[in-house]
Each structure stands twice: as structure tokens, then as C-alpha cells.
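Working notes for the structure below.
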Amino acid sequence: MAQTNAGNILVIEDNPDNMKLVTWMLEDEGYTISPAYTAEDGLELAESNDFDVILMDISLPGLDGKAATQQLRKTKKYKDAPIIALTAHAIISEEKDILESGVSELITKPINEVLLLERLKYYISHE
């Protein structure tokens, strides 16, 4: 049973419904998903695996997505890796703050599936 792997994606998202939705959208397109429900778990997974793209929720319990992104950017492996922030925080001032944390770009929730898939294809094909 051969399944084409479009890419390995780490999804850091604390909301189970959002996680289910993103996982469903991406697995449907052939991506391999590794879920993490906290930034701390996500950082651990990132350290022990190689991911093509990281989808990072910003509002997380404990360490938030901005702090987690900053930690990832300090590592050799993820210094330049595509990290896409997924957030409902669409306020302009917040957006600037999120982008300054080191994410590659920001996609607001509710997630536009077409946009997300388009961005993933872009990042994975340009590695």
C-alpha cells in the first residue's frame, strides 16, 4: 500500500477541532502529519524529526507560538525552515508582532484550505 508523501508537516495546535480539521485537509492531499498540542511537545518533535513545514498556532497554553518560533529559529535545522503561523489574531498590531517572531508568514483562522495548500506546495517545492 504505497502512499505518496507530499511532505512532512508538524502541526502545533492546542484546539482538538482545529487539529482534526487541518490534519484531515492535509492528509487528504498526501501530507504526513505529526500533531503536537503544546509548543513544548512541538519543539521536542521538531528536534527529533525533519519537517518540511511547521504550522504554528500562536495562542498555546504554556509557551506561545511566537516564543516557540523564536526557539526554532535559533536551531541550525529550522533557522530558515518554513513556519506558517495559524491564528485567529488578525489585529494589525498583533500581526506585526507575530511576523517579527520569525514566522515565514501568517494565515488567519478560519483557515482558507485553498490558500494553505497553495502555500505548502510553494514552500515544499522550493526547498
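Would you mind computing, in nm to one decimal, how far apart the modelled labels at K121 and D80 are, each placed 7 Å from Cα along Cα→Cβ?
2.5 nm
Expected output is a single nm value to one decimal: the length gained when fully extending between E100 and E47, i.e. 0.36 nm times separation in residues minus the C-alpha distance. What is it?
Once the chain is fully extended between E100 and E47, it gains 16.8 nm.
Please report how far the C-alpha centroid of region 1-57 lies from that of region 91-115, rounded to the nearest whole angstrom.
Each part reduced to its Cα centre gives a spacing of 18 Å.
Under 18 Å Cα-Cα from K20, which lysines qualify once same-chain neighbours fewer than 8 residues away are excluded?
The qualifying lysines are K109.
Sort R73, R119 so that the residue with the fewest other Cβ atoms within 10 Å of its own Cβ comes first and the one with the most comes last.
Listing R73, R119 from fewest to most nearby Cβ atoms yields R73, R119.
Quote the relative contact order of the chain in percent (integer), defining contacts as alpha-carbon pairs under 8 Å separated by 6+ residues.
Here the relative contact order equals 22 percent.
Obtain the radius of gyration and the Kirkwood radius of region 7-125 from its C-alpha atoms and give Rg over Rh.
Radius of gyration over Kirkwood radius for region 7-125 works out to 0.92.
Give a residue-ordered list of calculated ³J(HN,Hα) values for region 16-29 (Karplus: 6.51 cos²θ - 1.76 cosθ + 1.60, θ = phi - 60°; whole Hz; x for Gly, Pro).
Taking θ as phi minus 60°, the curve returns x, 5, 5, 4, 4, 4, 5, 4, 4, 4, 7, 5, 4, 9 Hz for region 16-29.
Quick query: amide H of G7 versus all other amide H atoms, modeled in the peptide plane; which residues come in under 5 Å with a sequence gap of 5 or more or a different chain?
T32
Stick to Cα atoms and the Kirkwood definition of Rh, then tell me Rg/Rh for region 59-122.
Answer for region 59-122: 0.96.
Within the set of other residues whose C-beta is less than 12 Å from the C-beta of L106, count the net charge using Lys and Arg as +1 and Asp and Glu as -1.
Charge balance near L106 sits at -2.
Under a point-charge model restricted to the Cβ atoms of Lys and Arg (+1) and Asp and Glu (-1), what is the dipole moment magnitude of the chain relative to its Cα centre, in debye to the nearest 20?
340 debye
Any read-out appearing in this document is the output of simple, stated calculations on the displayed coordinates, not a laboratory observation. Because the structure is a prediction, the values reported are computed rather than measured. Cβ sites come from the backbone with ideal geometry, for glycine too, and all protein chains shown count toward neighbours.
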